[in-house]
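The values are calculated or read from the model by the stated rules, or taken from the named source; none is laboratory data. Please read all numbers here as calculations on a predicted model, not as lab measurements. So basically every Cβ, Gly included, is an ideal-geometry build from the backbone, and we count neighbours across all protein chains shown.
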Amino acid sequence: MIGLAHTGIGKMTDEETYAKGYIKGYEDGMRQTYDEVVSLANKRGYSVAELMLLVRSERGNVPDKVRAKKKAILKSTGIDLIEEDVARCAESTVGVSPSMTVVIKERGATKGYMAFKQVMDCGAPGLCVSRNPPEQTARKVSQNCNIFWLTKLDSLPEADKERCFAPNDTSPLYTGIKKFLMTNNGKGAVVLLDGFSYLVTNSDFLTVLKWLQKLKDDVYMFRAILIIPVDPASIQSNEMRQLESELQVME
C-alpha cells in the first residue's frame with residue numbers, strides 16, 4: 001500500500017475550526033438522537049416494526065445528511081470539508097491520495113478499474129479514458145463517471161466527438177483531461193487511463209512518457225489522482241524502469 005501523501009493542511013482558521021466542530025456536533029447529535037429513539041422503543045416493548053425500520057433507516061442516512069451539510073458550508077463560507085473525507089477514504093481503501101499518479105502493474109486493467117471505482121465510491125468525481133467504446137466502459141464504472149474514448153473512427157455522431165480522441169495525437173486528450181481536473185479542482189478527482197499500450201502503439205514510448213510527465217504535474221497541482229494500469233510485458237524492460245522511476249507503482 002502506498003502511504004498518504006502530504007495533504008498541505010496547515011493551521012486551521014477560526015472559520016475552519018468552527019465548521020469542523022459544527023459538522024462533528026451535528027453528526028454526533030443525529031446519531032445520539034436515533035440511538036435514543038431505538039432504545040426507548042425497545043425498553044417500552046413497542047411492537048411497531050415499522051417504526052424500528054424507519055429509525056434504523058434514518059440512522060443509516062446520517063453520512064448523506066452530514067455530506068449535505070458540508071456542501072452547504074462550502075457554498076456559504078467557501079470552506080471545503082469534503083476533500084478531506086475523500087482523501088481519507090481513498091487512502092484507507094486503496095492506498096492512494098490526492099496529487100498522486102500511480103502505475104498498477106497488471107495484465108488487463110481489473111485492479112485499475114477496482115481502485116478507480118473505490119475512489120469514486122469515496123465521493124471523488126471520476127473520468128475514465130478507455131480504448132473500449134463508451135457503452136462498454138459504462139458497464140465497468142459508476143453511473144456518474146465521465147468517459148473518454150480512444151478511437152481512430154472519424155465518422156462519429158456530433159454528440160460523441162467531444163469525448164472521442166485519436167490515440168496518435170495526445171494534445172486534445174491532454175486538454176480534455178486538464179479541463180476535467182480544473183473543473184474538479186480540490187475535490188479529490190480521479191482519472192483512470194485504460195489505454196496506455198494503445199497510446200504507445202500509435203506513437204512511441206518516449207512521446208507518451210513526456211505526455212504523462214506533463215499530466216502528472218497537473219494532477220499534482222489540481223490535487224487529483226491518476227491511475228494507469230500497465231502490462232509490463234507490453235513494453236521493454238528499460239521502459240518499465242523509466243515508468244517506475246517517474247511514477248509511483250502498485251503491484
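Side notes on the structure shown:
- Within region 179-230, considering residues that are surrounded by 15 or more Cβ atoms within 10 Å (Cβ to Cβ) and charged (D, E, K, R), the one modelled with the lowest pLDDT: 187
- When region 103-148 is limited to residues that are free of Cβ contacts under 8 Å to residues at least 60 places away in the same chain and in a strand (DSSP E or B), the one that is surrounded by the most Cβ atoms within 10 Å (Cβ to Cβ) turns out to be 148.
- Test: residue in region 85-102 that is outside any loop (DSSP other than H, G, I, E, B), touching a strand residue (DSSP E or B) at 6+ places or on another chain (Cβ under 7 Å) and closer than 19 Å to residue 197 by Cα: yes
- Assessment of region 149-164 against the conditions (among the hydrophobic types (A, V, I, L, M, F, W, C), over 29 Å from residue 95 (Cβ atoms) and part of a strand (DSSP E or B)) yields at least one matching residue.
- Enumeration of residues in region 54-84 that are among the polar types (S, T, N, Q) and either outside any helix (DSSP H, G or I) or at pLDDT 65 or above (or both): 61, 76, 77
- Yes/no for residue 215 being under 25 Å from residue 117 (Cβ atoms), over 21 Å from the mean Cα position of the chain (by Cα) and assigned to a helix (DSSP H, G or I): no
- Any hit, region 203-220, residues being in contact (Cβ under 8 Å) with a residue 60 or more places away in the chain and out of contact with any Leu (no Cβ under 9 Å at 6 or more places or on another chain): yes
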